[in-house]
Amino acid sequence: MARIRILNAAQVGQLLVMKDVVEGVERIYRLYSTGRAGLWPTVFHEFDPGVRDMDIKSGYLDGAGIFGLKMVAWSAGNPARGLPALSGVVVVADTDTGLPLGIVDGMSLTSLRTGAAGAVGAARLARPEATRALICGTGAQGRAQLAGLAEVLPSLKHVDATSPDAAGAQAYAEEMGRLHPNLTVRAVPWEERGAAAQQAQVVVACTPSREAYLKSEWIRPGTHINAIGTDARTKQELEPELVRRCRLVADSRAQTLDHGELYHAYSAGLVRREDVAEMGEVLEGLAPGRNSPEEITLFDSTGMALQDLICAHRALQRAEERGVGTLVEL
């Protein structure tokens, strides 16, 4: 009889910190780009376009001996019901036995690993002397992205935060200022995001937008962009012309060209498959990262189940060592 461990969000927060997750995400990028891990096709369905959707992402890590999936659902109406808009779980299984090892809260992992993905992108592609960042999107992911940047950019001093929700942006600035007292965090009106983008050396896009809101003319040479929010063909945050100007690095080349931020420029013929490197290739020295101080770099992170799986596995291992979580026999 199989015995599995279940971890809730609070327990995940006790077991993992951003540094752990950054290391795990770097590891899966290396495994994926060297053929020791793989993804299976993503299942995405909109029950009501722009209102309710779900996706299932899955994969395997031969290099870590695990496989599994993450199921996530989004409902725009949930906050009015007193429920989180996003919900989900991660299921981890052992490759040798095929038995499930555990079920882990998916939202805490998603925030951590997506923030860590942005951290890896900034660490490898942003100019190391970057002092100012702009974060577009001030929800849970905006918070995770700032935590990731703070982990890997020691020179970071100023963060502008913007959202169509002005009250949310102000609340974000106040909360993040308290959590990161070494940073000056300022709320910027959505209508003034262009001016903030022109000042930033790092720009993070992490909204569910369905139309481009970052214009090419706003982005100066030398800027690094983390494109985080676009994980379906119906979503978009950057003008295709801006994408065309960038040195392009993706978590998964195939995935980003199919339904990531790169999809729009690729389908318009503005970029080619060979223009895109994978982060694992950059980490392994198989492809260059930033080529010059003046180059605009773009890391397109559509999200990979592998990230969730390796982080969930690490949390489950630590939980076993510390006796944390709920054990269930199937």
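The values are calculated or read from the model by the stated rules, or taken from the named source; none is laboratory data. Nothing here was measured: the structure is a model prediction, and the numbers come from that model. Backbone-built Cβ (ideal geometry, glycine too); neighbour counts: all protein chains shown. For accessibility, only protein heavy atoms count, side chains too; no ligands or nucleic acids. Shrake-Rupley method; radii C 1.70, N 1.55, O 1.52, S 1.80 Å.
Dividing the mean sequence gap of close Cα pairs (under 8 Å, 6+ apart) by how many residues the stretch 74-213 holds gives a relative contact order of 21 percent.
Rounded to the nearest 10 degrees, the inclination of helix 305-322 to the longest alpha-carbon principal axis of the chain is 50 degrees. Comparing LEU309, LEU248, LEU270 in a Gaussian network model of the chain (Cα springs below 10 Å), the most mobile by mean-square fluctuation is LEU270.
Within the shell of other residues whose beta carbon sits under 15 angstrom from the beta carbon of ASP20, the net charge comes to +1, with Lys and Arg scored +1 and Asp and Glu -1. For the peptides 194-204, 277-287, the ranking by packing is 194-204, 277-287, with the highest mean count of neighbouring Cβ atoms within 10 Å listed first. Shown are LYS215, LYS19, whose ranking by accessible area with a 1.4 Å probe and every protein chain present, most to least, is LYS19, LYS215.
Eigen-decomposition of the gyration tensor built on the alpha-carbon atoms of the stretch 3-70 gives equivalent ellipsoid semi-axes of 24, 20, 13 angstrom, largest listed first. Of the whole protein surface, VAL72 contributes about 20 Å² of accessible area at a 1.4 Å probe radius. Dipole magnitude for the chain: computed about the Cα centre from +1 point charges on Lys and Arg Cβ and -1 point charges on Asp and Glu Cβ, it is near 380 debye. Label sites at ARG322 and SER216, each approximated as a point 7 angstrom past Cα along Cα to Cβ, lie 4.9 nm apart. Taking only the Cα atoms of the stretch 152-309, the ratio Rg/Rh comes out at 0.96, with Rh defined as the Kirkwood radius. Of all lysines in the structure, those lying under 20 Å Cα to Cα from LYS19, and not within fewer than 8 positions of it along the same chain, are LYS157. From the square roots a ≥ b ≥ c of the eigenvalues of the alpha-carbon gyration tensor of the stretch 53-126, which class results: rounded (a/c under 1.5), prolate (a/b over b/c), or oblate? Here the stretch 53-126 falls in the oblate category. Shape descriptor for the chain: Rg over Rh equals 0.95 (Cα atoms; Rh from the Kirkwood inverse mean 1/r).
Solvent-accessible area of ILE4, all protein chains in place: 10 Å² (probe radius 1.4 Å, heavy atoms, ligands and nucleic acids excluded).
Put simply, the Cα atoms of the stretch 79-174 extend 49, 39, 16 Å along their principal axes, the longest span coming first. Dipole size of the stretch 1-47 about its Cα centre, with +1 on Lys/Arg Cβ and -1 on Asp/Glu Cβ: approximately 240 debye, rounded to the nearest 20. Show that you can apply the helix-only estimate: for the chain, add -39,500 (n - 2.57) for every DSSP H stretch of four or more residues, divide by all residues, and state [θ] at 222 nm to the nearest 500. When only DSSP H runs of four or more count, the value is -10500 deg cm²/dmol. Solvent-accessible area of TYR263, all protein chains in place: 50 Å² (probe radius 1.4 Å, heavy atoms, ligands and nucleic acids excluded).
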